[in-house]
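The structure under discussion appears below in the form of structure tokens.
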Amino acid sequence: MRNQITNALSDFFFEYETPRQVLVRNRRVGVVCRLIQLGVLAYIIGWVFIYEKGYQSTDTAISSVFTKMKGVGYTNTSGYERVWDVADYVFPSQGDSSFVVMTNYIITEGQMMGKCPELEGKHNCSSDSDCEVGAFKRTGHGQMTGVCVNSTKTCEVLAWCPVEDDHSIPDPPLLMSAENYTLFIKNSVTFPLFGVKRSNLVESIDGDYIGKCLYDPKKDPLCPIFKLGDIIKLSGFNFKTIAKEGGAIGIVVEWTCNLDMDIKQCEPEYHFHALYGNPGEKEDVKASVGYNFRYAKHYMEDKIQKRTLLKVFGIRFDIIVQSLARKFDIIPTLTAIGSGVGIFGVATVVCDLVLLYLLPKREFYKNMKFKYTDTPAQQDSESLGLDTSVYYTIEANARQAQVPGKSNDPDSEAAITGSDEKK
């Protein structure tokens, strides 16, 4: 028992096993093998290394966005002239990455808390019984008092009076001048993995340049000042159409940086997308079009609280930063190479399947590839006093003698190599 354990440990530590190799001279199989290997090589070089940049590690940025609007608007409604500046038409006013620019509005001035009739179509009635006391309607302006107003045939409500009438939206938009407003975007990004910081105010941009430049995708692609009309146009919309009822536009600041190159080549690209609606869709098939909200300005008059209500139609701008930085790293490089080398084994598997199951002489190739052990015959040879290696030599010669005569077709030739085939 001790000798068996010792022999087993000795065999384990001091012996080396190597696969048996069979060299097959067959043109068809050889061409298939080389084509598969060529395809794998093209995949590794073309897709993994060139397209996917498998030799580089990647990182996304931590980003900050600051915005500033400039421009002045003018309206003249019913003889009432008014000038609108940034403090009036931008919501909110903090310079955030998401904000609204007012392009149209409905104003209701001098509202105060009281009782007044609802708008026609909201709470229609023919008698007081149609107006439930204390009830609310989702589309109404206040709480019903239980009185039906004969002059309007609508229910009386407790609300801010007079109630807002938003049935008619001004057309053309009241603030068409918003088309000429300008937007300044200041964006900074940090790639923490590589310790790189960049700003959209790159090396070629200085104070003089900012003072006179205006973004153009071809002439001035790095200028951080954008005309609102150009943004709407580049997103695929008509400014007058979207200004009437409002909408949403996405401004994408894209950073795609190869940090193996000069850091100055890490520059932003700007893209513009319509986030609401489809520019080619007909207006009559759209549901809940536009973007609007209400806000009120409260004040006191003769000790009575009043307010001015505005229903604002505007364009919502969402500034989105997308980033991806790449830099050479030995670990993903070795991983990509190792996985590619492993894929080369596909050629061997396919060729083995062709040899062993598809070719007419598959039995011949099986005899060349596999070495069979016949335990009873081996025992017979030992009983006759034959050396085991001599027996396998005789058996191999016998198997080859059973194979049909050698053909002149080079596809039928086969040679085997390996230490166990020596005579």
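No lab work stands behind these numbers, since they all come straight from the coordinates. Everything numeric in this text was worked out from a predicted model, so none of it was measured. Cβ atoms come from the backbone with ideal geometry, glycine included; neighbour counts cover every protein chain shown.
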Going through 68/219; 53/197; 197/233; 137/311 one by one, the pairs whose alpha carbons sit over 27 Å apart turn out to be 197/233
Measuring from label point to label point, each 7 Å out along Cα→Cβ, what is the residue 261 to residue 363 span in nm?
6.4
Based on the mean of other Cβ atoms within 10 Å per residue, sort peptides 121-127, 328-334 so the most packed one is first.
121-127, 328-334
Go ahead and collect, in residue order, the members of segment 304-336 whose backbone nitrogen is under 20 Å from a label point 7 Å along the Cα-Cβ direction of residue 45.
333-336
For segment 65-113: rounded, prolate or oblate by the Cα gyration tensor [a/c cutoff 1.5]:
oblate
Ranked by how many other beta carbons lie within 10 Å on average, peptides 83-90, 318-325 from highest:
318-325, 83-90
With the cut-off at 21 Å, tell me which of the pairs 70/186; 212/264; 186/264 have Cα atoms farther apart than that.
212/264
